[in-house]
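Undergrad: Below is a structure I'd like to ask you about.
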Amino acid sequence: GLFDPVATPKLLSMAAAVASFVLLRRISGKIFGGGDSPLHILPALSLACSVPFVAWSISGLENSLYIFLILLAIDLRLAEIAGAASAPASGLVLFLAAITRPDGALYFAAALVHGIAAALFRRRVTRRDVLWLAAFALPFLAYHTWHYLYFADLLPNTYYAKMEAGGPLRHLREQLLDIHHFRRVIS
């Protein structure tokens, strides 16, 4: 009875949405400079005018948290690149995004490609690069090891529920697993 199961997630979602607007303004200032230019509010204003974002932000689902974590990771990563951060925390935030939604790992992959390109450009891998990678990889591996041991599956339950419901993913899986069909197609 400590938290209302309907109101609490909605309030937390709205708080994450507001925090996302603040982060967008900060990110815009870091990327484009210009200090306190009123133009830095435009990305946040654009997001606030997005009907899907607003609708999902008040739903109480994971969407606002997911966007907030991605924007926080970008903000931290920009500070890390500029040398203004004391620790490479964006890797840990990207891990949180990856366990919020499985496609969050793609944002880590994009940051990793950028990190590899930067290391190649510098012609060296720094201790900070290794710490950043470990901040994502170690909790990610620990979480997925626990997930597999507890649920006996690598994928989330929603994946299997959607596969059972039908649709294009189920059809694709059936086609890929149907060896007889595959043999008919290639012969």
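Undergrad: Kindly write out, for the range 126-137 in residue order, the coupling ³J(HN,Hα) from the Karplus curve 6.51 cos²θ - 1.76 cosθ + 1.60 (θ = phi - 60°), rounded to whole Hz, with x marking Gly and Pro.
TA: 8, 4, 4, 4, 5, 5, 4, 5, 5, 5, 8, 5
Undergrad: Per residue, how much accessible area does the chain show when a 1.4 Å probe rolls over the protein heavy atoms, in square angstrom?
TA: About 67 Å² of surface per residue is accessible.
Undergrad: Could you work out what % of the accessible surface of the chain is carbon and sulfur, using a 1.4 angstrom probe and leaving DNA, RNA and ligands out of the count?
TA: 72
Undergrad: Quickly estimate the mean residue ellipticity at 222 nm for the chain, helices only: each DSSP H run with n ≥ 4 gives -39500 (n - 2.57), and the total goes over all residues, rounded to 500.
TA: The helix contribution divided over the chain gives -24500 deg cm²/dmol.
Undergrad: Whole-Hz ³J(HN,Hα) for each residue in the range 93-106, computed from phi via Karplus 6.51 cos²θ - 1.76 cosθ + 1.60 with θ = phi - 60°, x for glycine and proline: what do you get?
TA: Ordered by residue, 3J(HN,Hα) equals 5, 5, 4, 4, 5, 5, 8, 6, 9, x, 6, x, 5, 5 Hz.
Undergrad: On to the next question. Which whole-percent values make up P(r) of the chain when all C-alpha to C-alpha distances are grouped in 5 Å steps starting at zero?
TA: 1, 7, 11, 13, 15, 15, 13, 9, 7, 4, 2, 1, 0, 0
Undergrad: Using a 1.4 angstrom probe and counting only protein chains, how large is the accessible area of Val6 in Å², to 10?
TA: Spelled out: Val6, probe radius 1.4 Å, area about 90 Å².
Undergrad: Right, next: If ligands, DNA and RNA are left out, what is the accessible area of Lys10 with a 1.4 Å probe, given in Å² to the nearest 10?
TA: Estimated to the nearest 10 Å², Lys10 gives 80 Å².
Undergrad: Now for a separate question. How much accessible area does Trp56 have with a 1.4 Å probe, in Å² rounded to the nearest 10?
TA: Probe radius 1.4 Å; accessible area of Trp56 about 130 Å².
Undergrad: What ³J(HN,Hα) values, in whole Hz, does the Karplus curve 6.51 cos²θ - 1.76 cosθ + 1.60 give for the range 5-18 when θ = phi - 60°, with x put for Gly and Pro?
TA: Karplus values, whole Hz, x for Gly and Pro: x, 9, 6, 4, x, 5, 5, 5, 5, 5, 5, 5, 5, 5.
Undergrad: Relative to the compact-globule scaling 2.2 N^0.38 Å, provide the ratio for the alpha-carbon radius of gyration of the range 1-99.
TA: Rg over 2.2 N^0.38 Å, computed on Cα atoms: 1.17.
The values are calculated or read from the model by the stated rules, or taken from the named source; none is laboratory data. Not measured: the values here are computed from a predicted model. Quick note on the areas: whole protein, heavy atoms, side chains included, nothing else; ligands and nucleic acids left out. Shrake-Rupley method; radii C 1.70, N 1.55, O 1.52, S 1.80 Å.
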